[in-house]
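Please read the structure below before turning to the comments.
The values are calculated or read from the model by the stated rules, or taken from the named source; none is laboratory data. Worth saying up front: this structure is predicted, and the values here are computed from it rather than measured. No Cβ is skipped: glycine too gets one built from the backbone with ideal geometry, and neighbour counts run over all protein chains shown.
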Amino acid sequence: MVFVIPVEMTVETYGEKDVTLPRFTGYVSRGLLLHMLHRVDPGLSQALHEPEMVKPYSVSILRFRSKGRTPEGYVLDSMHPCRVGFRFLDDAYARSLFDYFTKMSSATIFDTTFRIANITINSKDYKELEAEARPLEAFRLVFETPTYLASMGAPYHCLFPEPVRLFSNLLRLWSCFSTSRRFGKEEHGIYKKWLGKHVGVAEYELRTVLVQMRGKKVAGFLGWVTYEMDVEDEWNRVTSMLARFAEYSNVGGNRTGGFGETRFCPMRDWKKGD
């Protein structure tokens, strides 16, 4: 099978029994992915643990039907599917994971076997993402899992998706992996200034939550933000391209651990002749 990049695999599984899962399962999804890759290629899995590496993947939280709640988390109902998403910004990793599925029909989560029932693959080449982007007057980003933006050199996190910080970070991530257009240091500086002048928050509905991860509490925000852009130019189109790209990359800190899942909702195109 030939993959293009980025690639998203949504895996549908069924547990052999009910099992209690933690309230936030992003790190469980990440551990599952790295375990699967280790079974195929231990060296590849080890490379993804390197601290200085810009990670070429993100994951979704586990999504399942709960039978009840306990102090430890939620009880998964094994009569219904449990789904998880693995997203790659480099097709080599997607091919390695697909190798796992050709050899194995199950996976283990918290000492419970989950039978793999179905795999859905979606992909969109970087050139396609760029070609399909169109200038927008407004779009909405829905933050579906807790999100925070790191503050360089500071001991705190930013808990608001301010456009300069959010989209300039996405531009750097895009430039690390894109096989079509990449943006240099000078263009990054120009884009940051453009964002400060031409992109604003029109409305938002956000709330902050505390997520427990292996004994550590991390704050993040959930909800949605509507962004407006007041000019129709190339940077406008780049911004809408990055907003769509974020569905593959996740955004912000700990994006490889299920934080920062987003959904892009275009709202208003620029009207010809206005």
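For region 25-42, the tally of residues that are without any contact (Cβ under 8 Å) to a residue 12 or more places away in the chain and β-branched (V, I, T) stands at 0.
Just one of (1) touching a residue at least 24 places away in the same chain (Cβ under 8 Å); (2) more than 22 Å from G215 (Cα to Cα); (3) surrounded by 13 or more Cβ atoms within 10 Å (Cβ to Cβ); (4) among the hydroxyl-bearing types (S, T, Y) fails for T120. It is (3). In the set T112, T145, only one residue is in contact with a Gly (Cβ under 7 Å, 6 or more places away or on another chain), surrounded by 15 or more Cβ atoms within 10 Å (Cβ to Cβ), in the same structural domain as R255 (by TED's automatic domain parsing) and not aliphatic (A, V, I, L, M); that residue is T145.
Yes or no: S105 touching a Leu at 6+ places or on another chain (Cβ under 9 Å) and either in the same structural domain as S178 (by TED's automatic domain parsing) or among the hydroxyl-bearing types (S, T, Y) (or both)? Here the answer is no, as S105 does not meet what is asked. For T145, the stated conditions hold: it is closer than 26 Å to T25 by Cα, in contact (Cβ under 8 Å) with a residue 12 or more places away in the chain, polar (S, T, N, Q) and in contact with a Phe, Trp or Tyr (Cβ under 7 Å, 6 or more places away or on another chain).
Taken over region 1-53, residues that are among the basic types (K, R), assigned to a loop (DSSP other than H, G, I, E, B) and within 16 Å of G257 (Cα to Cα) amount to 1. Applying the condition of being buried (at least 16 other Cβ atoms within 10 Å of the Cβ) and touching a residue at least 12 places away in the same chain (Cβ under 8 Å) to region 43-61 and asking which residue is farthest from E247 (Cα to Cα) yields L48. Checking T226, T262, T208 one by one, the residue that is under 23 Å from the mean Cα position of the chain (by Cα), over 28 Å from V84 (Cβ atoms) and surrounded by 13 or more Cβ atoms within 10 Å (Cβ to Cβ) is T226 and no other.
Taking residues in region 62-78 that are charged (D, E, K, R), and partners anywhere that are in a strand (DSSP E or B) and surrounded by 16 or more Cβ atoms within 10 Å (Cβ to Cβ), the pairs with Cβ atoms closer than 6 Å and at least 6 places apart or on different chains are R63/R83; K67/V75; E72/T20. For region 1-42, give me the residue count where each residue is surrounded by 18 or more Cβ atoms within 10 Å (Cβ to Cβ) and either at positive phi or acidic (D, E) (or both). Number satisfying all stated conditions: 1.
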